[in-house]
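The values are calculated or read from the model by the stated rules, or taken from the named source; none is laboratory data. Here the structure is a predicted model, which means the values were calculated and not measured. Reconstructed Cβ throughout: ideal geometry from the backbone, glycine too, with neighbour counts over all protein chains shown. Remember, those area values only see protein heavy atoms, side chains included, never the ligands or the DNA or RNA. Shrake-Rupley method; radii C 1.70, N 1.55, O 1.52, S 1.80 Å.
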Amino acid sequence: MPPRRRVLVAGLTSVVAALSLAAVGVAAIPDAVAVPAPCHPDADGRPDCTVTEKQLTAAVPAERDLALSSLDIRLMPLGDSITYGVESSDRNGYRDELYDHLKGNARHVNFVGSVKTGSMSDNDHEGHPGDRIDEIAATADCSVPRYQPNVIALHAGTNDIGQNFALSSAPTRLRNLVDQTLADSPRATVLVAQLIPIGKAGLQSRVDAYNAALPGVVRDLQNEGKRVLLVDMSRVLVTDGLQNDAHPNDEGYAKMAAAWYESVLEATARGWIQAPLPENAPTGCTPGDSDDTALGTGWRNLGVIAPGYGGTPGRTIIAELNGDKRADYLQVYPDGSFRASANTVGTPGQPDWVDVGRYAPAAQTAVHGDEVRFADLNGDGRDDYLVVGSTSEVRAYLNVRGSGDTLAFVPWGIVFRVDSFNRNNLRFADVTGDGRDDLLRVGAEGAVHVYRNMWDPATERQAGEPQPPAWRLWLDWAGGTRGSSLEAVRLADADGDGRADYLQVSVEGAVHAFLNRGGGGNGGFQARYDWAHESGYPRPYIQFADISGDGRADYLVVYQGGAVRAWLNRGGN
């Protein structure tokens, strides 16, 4: 039996025995005293503290499993990166174990949400890494009315804790979120989880204070006749992968699944699970469409603009494939092939994706997916397929117009072998504004040398053969900035003038922009500090591409499973 399944079975065996469900029973006792904050000595460094005995318990007889057999469950996992499943080996987090046990007992089970990640078959959810309670509420404002779940599994507040964001109001904001979801899906039961522990120094005391406030929040909602239960997550320990992280390992996620399932049983026993209302058609609702966005007033929050393909994801790249000036979505697979969806006009700033198929331009040669890049080398507006060797030798396949919506590629041969350097230091971007992407060599501290793409269409062919570009070295196009690094540098057109700018991304997703006014020795750069405020997303997730077609690069968060979240560039801050 796989380890995750063993942990789940162990957890669920305790359900059939006599389970102590403090979370489920908290609000059922009107005069119960508040639950003291749990003690986590391994997180807080308080060896003298002792784990508080659960004060509010409820036994869950095995017959509650049987009560599920007549019910249809349409469940929305709602939250942040923990709901998403970050750090789980299969990217499912708790969702697959919870689904499996519900599927084995309920009449019908369907998980719903706008995001698809993980290896499980029904991998829909509404988990958004980095989101605070207010940002989760903005997403729920669109997704809950559409999907009409009758069960909502809500784990929210971890990013408020990590960002130290208005913590005194966090329980009230959570209550408002629960009220909002119940108004938008009137047949829903909301399962409100207390936060799992955080091993990062100084954060557990904040978690304890937040968790201690939740029983009162849930009790008040129940006293208003609302179907809300508190879910005790105290079985998840810091040793379940949380020593230096906010995300549990597989064992921790399995414990979460058991706690969620027990709360579904309790809701069933109370007769709260109602038949879900029909789902509604998409309305073009834009989550968080206001001037109050995480990045600042120069950005418009579009929410999740691409859910991913599902199944085992490839490496997600946003590139311009068909020459319409709107960046398209693609995933590159380990064999170097890729699947693409064209970005067609939808609601303003919100793409409609059209699948244009799977391609293997380099099928006759051995290619690994990590070697694949896309850049427009001949200035025709379509990014070409490039294979970059470990020493940055570049082999190109020109992206030519196919029939209908399809793509076509023709070999161009070796187009760069001027110098030898590590592939990880190589980037492509048009820094001169001539429409042809140049090749950039980025140093460990963020300095950039440019190899200018001097390809001339007038001499495209000699002796009937396509000729590769000539390259002209431009030393110190950018000298780097204080605090910059290879990992921090992005190159994208921030202001729509046709020239790629130098962007410095912090570990939490904030951006300083240095607008290209000619580059080193030719006009320099104009600094725009805090061009984008912190998004709370890890730096490796951040990409920039023009998804709206207005010429300005938009801020994209590309999740590991292939979903993409976007902020539209309205000029930046």
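Does residue 436 satisfy being open to solvent by less than 50 Å² (accessible area, probe 1.4 Å), at pLDDT 95 or above and within 34 Å of the chain's Cα centre (by Cα)? Here the answer is yes, as residue 436 does meet what is asked. Restricting attention to the range 70-103 and to residues that are assigned to a helix (DSSP H, G or I) and over 17 Å from residue 119 (Cα atoms), the residue that is modelled with the highest pLDDT turns out to be 102.
From the residues in the range 200-239 that are of a type in the set (Lys, Arg) and in a loop (DSSP other than H, G, I, E, B), which one is modelled with the lowest pLDDT?
Filtering the range 200-239 for residues of a type in the set (Lys, Arg) gives 200, 206, 219, 226-227, 235.
Imposing the further condition that a residue be in a loop (DSSP other than H, G, I, E, B) reduces the set to 200, 226-227, 235.
Numbers: 200: 80, 226: 97, 227: 97, 235: 97.
Checking each candidate, the answer is 200.
Restricting 158, 239, 181 to residues that are β-branched (Val, Ile, Thr) and over 18 Å from residue 135 (Cβ atoms) narrows the list to 239. I'm told residue 242 meets every condition in (1) surrounded by fewer than 17 Cβ atoms within 10 Å (Cβ to Cβ); (2) assigned to a loop (DSSP other than H, G, I, E, B); (3) touching a residue at least 24 places away in the same chain (Cβ under 8 Å) except one. Can you identify the failing condition by its number? It fails just one condition, (1).
Of all residues in the range 167-189, those satisfying the criterion of being in contact with a helix residue (DSSP H, G or I) (Cβ under 7 Å, 6 or more places away or on another chain) and of a type in the set (Val, Ile, Thr) are 178, 181, 189. Counting only residues that are within 15 Å of residue 351 (Cα to Cα) and part of a strand (DSSP E or B), the range 538-556 holds 4 of them.
Quick check on my filter: what residues within the range 144-188 are open to solvent by 10 Å² or more (accessible area, probe 1.4 Å), touching a residue at least 60 places away in the same chain (Cβ under 8 Å) and assigned to a helix (DSSP H, G or I)?
We begin by selecting, within the range 144-188, every residue open to solvent by 10 Å² or more (accessible area, probe 1.4 Å); these are 145-148, 158-159, 162-169, 171-173, 175-176, 179-180, 182-184, 186-187.
So of that shortlist, the ones also touching a residue at least 60 places away in the same chain (Cβ under 8 Å) come out as 145-148, 158-159, 162-163, 186-187.
The answer is 145, 146, 147, 158, 159, 162, 163.
Residues considered: 427, 417, 382, 401. Of these, the only one that is in contact with a strand residue (DSSP E or B) (Cβ under 9 Å, 6 or more places away or on another chain), at pLDDT 95 or above and either under 19 Å from residue 489 (Cα atoms) or open to solvent by 40 Å² or more (accessible area, probe 1.4 Å) (or both) is 427. Restricting 297, 268 to those that are at pLDDT below 95 and not small (Gly, Ala, Ser) reduces the list to 297.
Out of all the residues in the range 409-424, is one or more β-branched (Val, Ile, Thr), part of a loop (DSSP other than H, G, I, E, B) and farther than 30 Å from residue 567 by Cβ? Within the range 409-424, one or more residues are β-branched (Val, Ile, Thr), part of a loop (DSSP other than H, G, I, E, B) and farther than 30 Å from residue 567 by Cβ. Kindly check whether there is at least one residue in the range 300-313 that is among the polar types (S, T, N, Q) and either free of Cβ contacts under 8 Å to residues at least 24 places away in the same chain or within 22 Å of residue 146 (Cα to Cα) (or both). Within the range 300-313, one or more residues are among the polar types (S, T, N, Q) and either free of Cβ contacts under 8 Å to residues at least 24 places away in the same chain or within 22 Å of residue 146 (Cα to Cα) (or both). Output the residues belonging to the range 89-124 that are open to solvent by 10 Å² or more (accessible area, probe 1.4 Å), in contact (Cβ under 8 Å) with a residue 60 or more places away in the chain and among the polar types (S, T, N, Q). Answer for the range 89-124, where residues must be open to solvent by 10 Å² or more (accessible area, probe 1.4 Å), in contact (Cβ under 8 Å) with a residue 60 or more places away in the chain and among the polar types (S, T, N, Q): 89, 114, 119.
Are there any pairs, at least 6 apart or on different chains, whose C-beta atoms fall under 6 Å, with the first in the range 441-465 and open to solvent by 50 Å² or more (accessible area, probe 1.4 Å) and at pLDDT 95 or above and the second in a strand (DSSP E or B) and of a type in the set (Phe, Trp, Tyr), and if so, which? Filtered contacts from the range 441-465: 452/474. Among the residues of the range 404-421, is any acidic (Asp, Glu) and touching a residue at least 60 places away in the same chain (Cβ under 8 Å)? Yes, the range 404-421 contains at least one residue that is acidic (Asp, Glu) and touching a residue at least 60 places away in the same chain (Cβ under 8 Å).
Against the numbered list (1) in contact with a strand residue (DSSP E or B) (Cβ under 6 Å, 6 or more places away or on another chain); (2) surrounded by 20 or more Cβ atoms within 10 Å (Cβ to Cβ), residue 539 comes up short only at (2). The set of residues from the range 551-561 being more than 17 Å from residue 326 (Cβ to Cβ) and buried (at least 24 other Cβ atoms within 10 Å of the Cβ) comprises 559, 561. With the structure loaded, tell me whether residue 516 is farther than 29 Å from residue 412 by Cα, open to solvent by less than 20 Å² (accessible area, probe 1.4 Å) and in the same structural domain as residue 453 (by the TED database) or whether it fails that test. It is true that residue 516 is farther than 29 Å from residue 412 by Cα, open to solvent by less than 20 Å² (accessible area, probe 1.4 Å) and in the same structural domain as residue 453 (by the TED database). Listed by first and then second residue, the pairs with beta-carbon distance under 8 Å, at least 6 apart or on different chains, first residue in the range 225-237 and assigned by the TED database to the domain that holds residue 258, second hydroxyl-bearing (Ser, Thr, Tyr), are 227/189; 228/189; 229/189; 229/263; 231/263. Being under 30 Å from residue 131 (Cα atoms), modelled with pLDDT under 95 and surrounded by 19 or more Cβ atoms within 10 Å (Cβ to Cβ) is not true of residue 483.
Restrict the check to the range 189-198 and report whether at least one residue is surrounded by 22 or more Cβ atoms within 10 Å (Cβ to Cβ), over 24 Å from the mean Cα position of the chain (by Cα) and not acidic (Asp, Glu). Talk me through it step by step, then tell me what you get.
Within the range 189-198, the first condition is being surrounded by 22 or more Cβ atoms within 10 Å (Cβ to Cβ), and the residues that meet it are 189-198.
Restricting the remaining residues to those that are over 24 Å from the mean Cα position of the chain (by Cα) gives 189.
Still in the running and not acidic (Asp, Glu): 189.
Yes, some residue in the range 189-198 is surrounded by 22 or more Cβ atoms within 10 Å (Cβ to Cβ), over 24 Å from the mean Cα position of the chain (by Cα) and not acidic (Asp, Glu).
Would you check which residues across the range 388-400 are assigned to a strand (DSSP E or B) and without any contact (Cβ under 8 Å) to a residue 40 or more places away in the chain and list them? So that I can check it myself, show each step before the final result.
First, the residues of the range 388-400 that are assigned to a strand (DSSP E or B): 388, 394-400.
Those that are assigned to a strand (DSSP E or B) and without any contact (Cβ under 8 Å) to a residue 40 or more places away in the chain: 388, 395, 397, 400.
Can you confirm whether the range 358-370 contains a residue that is open to solvent by 70 Å² or more (accessible area, probe 1.4 Å), in contact with a Lys or Arg (Cβ under 8 Å, 6 or more places away or on another chain) and closer than 23 Å to residue 117 by Cα? Scanning the range 358-370 turns up at least one residue that is open to solvent by 70 Å² or more (accessible area, probe 1.4 Å), in contact with a Lys or Arg (Cβ under 8 Å, 6 or more places away or on another chain) and closer than 23 Å to residue 117 by Cα.
Yes or no: residue 121 out of contact with any helix residue (DSSP H, G or I) (no Cβ under 9 Å at 6 or more places or on another chain) and not in a strand (DSSP E or B)? So residue 121 fails the test.
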